1. Ignoring everything except DSSP H segments at least 4 long, calculate the 222 nm mean residue ellipticity for the chain; use -39,500 (n - 2.57) per segment, divide by total residues, nearest 500.
2. Determine the distance separating the Cα centre of segment 366-389 from the Cα centre of segment 304-328; give it in Å without decimals.
3. Can you list residues whose amide H is under 5 Å from Ile487's amide H, if they're 5+ apart or on another chain and H is modeled 1.01 Å from N?
4. For segment 284-291, take each phi angle, set θ = phi - 60°, evaluate the Karplus expression 6.51 cos²θ - 1.76 cosθ + 1.60, and give the result in whole Hz per residue in order, putting x for glycine and proline.
5. Using 7 Å Cα-to-Cβ label points, what is the Asp570/Asp386 separation (nm, one decimal)?
6. How do Trp242, Trp156, Trp419 rank when sorted from fewest to most other Cβ atoms within 10 Å of their own Cβ?
7. Treat every Asp and Glu Cβ in the chain as -1 and every Lys and Arg Cβ as +1, leave all other atoms uncharged, and give the resulting dipole magnitude about the Cα centre to the nearest 20 debye.
8. Could you name the aspartates and glutamates whose alpha carbon sits less than 15 Å from that of Lys106, not counting residues in the same chain fewer than 8 places away?
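Every number here is computed from the coordinates shown, using simple stated rules; none is lab data. The shown structure was predicted, so the numbers you read here are calculated from the model rather than taken from an experiment. Cβ coordinates were reconstructed from backbone atoms using ideal geometry, including for glycine residues, and neighbour counts include every protein chain displayed.
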Amino acid sequence: MTARLALPALAATLVLGLLAPPATATPRTAPAVGPPTPHTKVALAEGYGGAVATVDLDATRAGIDVLRRGGNAMDAAIAAAATLGVTEPYSAGPAGGGFIVYYDAKRKKVTTIDGRETAPAAMTETSLQEDGKPIPFDEAVTSGLSAGVPGTIAQWELALRRYGTFSLKRALQPAIKVAERGFVVDQTFHDMTAQNADRFADFTSTAELFLPGGAPPAVGSVFRNPDLAATYRELGRRGTSWLYGGRLGEEIVATVQNPPVAPGADRKVRPGLMTLDDLRAYRAVERPPVKVAYRGMDVYGMAPPSSGGSTVGEALNILESLPQIGLHEYLEASRLAFADRNAYVGDADTVDVPLAELLSDAFAKERACLIGSVAMPHPAAPGEPDGDYEPCPAARPGAETPPAAEGPETSHLVTADRWGNVAAYTITIESTGGNGIVVPGRGFLLNNELTDFTFGPAPGDPNLPGPGKRPRSSMAPTIVVDDGRPILAVGSPGGSTIITTVLQILINRYEFGMSLPRAVAAPRATQRNTAATLAEPAFLEAYGDALRARGHVLEPTEEIGAVTALELLDRGRIRAVAEPTRRGGGSAAVLIRRNAD
Ligand code: GLU
């Protein structure tokens with residue numbers, strides 16, 4: 001995120017540039033323009049040989065550097081993610097989790113690597129309750145109790161072993177360099193630190209790292225993290241068992257069980273339940289993706305424990321069975337898909353998730369039938385994905401569900417290589433700043449992913465905590481395949497708005513015919529079976545009146561999501577896309593740049 005907001009003139013140029021019509025003419029084989037390593041942050045890059053898009057210039061450069069050294073898309077994804085752990089430590093890091101959706105060109109198949117955090121073995125259905133009531137959310141976030149068993153390092157190791165060509169040690173090198181050399185603090189990093197300053201000050205280890213001299217690092221100063229450099233180096237040298245049962249694991253457990261609360265802090269900090277055995281038991285898992293057929297293409301997403309793939313997929317199925325698709329239909333399909341997500345999706349390793357039915361065309365038709373010319377009454381009731389479908393059932397009244405308590409942070413990246421492999425990877429420590437607790441001397445924050453569980457009491461809820469269970473996620477790394485060839489990869493942070501952001505981009509691209517940069521830049525709205533649809537100001541401006549006239553309740557929200565995406569065009573040409581302005585703009589790059597035609 002180097003100098004993210006320090007270059008307003010450049011950002012303005014990027015935005016204006018994106019408003020120009022996209023390049024569509026036949027590619028020319030013009031000579032490379034400029035050096036292949038990106039030196040400035042741009043939101044759109046086109047060329048050949050591979051591509052990377054992340055929210056951050058250093059992370060994108062790390063990915064491009066790996067591609068240049070002969071690494072593949074998986075190697076580049078892991079190197080970029082590890083670098084995000086340095087430059088975006090409040091969104092990503094070695095003690096978090098995430099999901100990778102990967103197109104493996106050799107086997108011509110899409111697979112996924114699940115690095116979701118797990119609940120400790122001691123966690124039960126009532127662990128996030130007190131006296132039969134949910135623990136206050138804020139209190140749960142900043143605690144040892146919310147820390148899930150970290151999945152990221154095991155995920156990197158598994159992903160590289162199965163699909164990469166680099167060792168973990170090698171993939172960590174770019175991140176180590178950035179952590180040692182440091183990066184320039186921009187406004188976003190400063191603001192995120194300031195926003196967390198109260199709770200960071202309450203933990204000695206966190207204050208020491210992120211509040212040097214007692215205050216957030218100044219914009220323009222260089223932030224170094226030698227502790228994290230050393231942690232990555234040791235992980236590379238000793239292997240993942242150093243964390244999953246070894247010395248680093250012991251330190252994580254000690255921090256979770258006995259958080260380093262600063263003298264004088266009057267915060268109630270609940271200790272966590274994690275033990276070294278929980279770390280020993282952790283496994284990243286390769287899982288089949290979820291897949292829906294949509295407009296003759298195959299859309300691949302993340303299976304449970306994420307609700308990303310199934311909810312995007314169900315909404316696409318609903319939309320496909322409608323005679324016409326506009327923004328009203330987008331909001332209504334999303335509302336219905338969220339009603340079903342909330343009722344039926346949890347960790348499929350511990351609860352029954354009727355995934356095949358949720359993604360069946362017959363179920364989608366039954367649900368689509370509820371969509372009329374005006375917004376349906378709130379809340380929508382879940383459907384019955386039981387295999388027995390009526391042509392058009394009467395609408396049932398729904399029950400109000402408490403608003404999802406998910407944080408707005410996380411990071412998404414995409415990579416592609418010269419062999420045709422593609423990665424879509426969403427990485428998170430849940431809230432901005434995770435649980436606020438740095439493992440002393442190790443340079444990284446712990447996650448608070450267990451706050452993604454339903455706190456309860458909520459009898460029958462598929463997302464209640466349980467021993468070893470993975471909390472339901474909304475992360476939705478997505479790859480679109482056409483005629484056996486990957487054509488697009490996309491994803492976003494944003495808690496449950498991730499799902500609607502990915503859905504809206506797919507619709508912008510494939511229903512409304514926008515170019516990918518336009519589809520990403522277009523104003524967003526999110527309907528998640530909530531009373532009001534949240535919408536960005538530009539969305540309200542453009543479509544508010546028309547949608548209100550159709551019964552939609554719209555409320556403004558500053559910004560939704562922070563997308564990265566790429567598109568594989570003809571003859572090996574790749575278009576990498578990041579946000580032009582949201583979250584200060586992202587960084588897209590290709591290995592070999594050619595003039596846009
Ligand atoms: N913890 C969230 C999830 O798994 C992601 C974090 C976020 O983007 O808010 O859905």
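1. -9500 deg cm²/dmol
2. First find each Cα centre; the distance between them is then 12 Å.
3. Val480, Val481, Asp482
4. 6, 10, 8, 10, x, x, 8, 9
5. Each label point lies 7 Å from its Cα, and together they span 5.2 nm.
6. Trp419, Trp242, Trp156
7. In debye, rounded to 20, the chain gives about 2420.
8. Asp417
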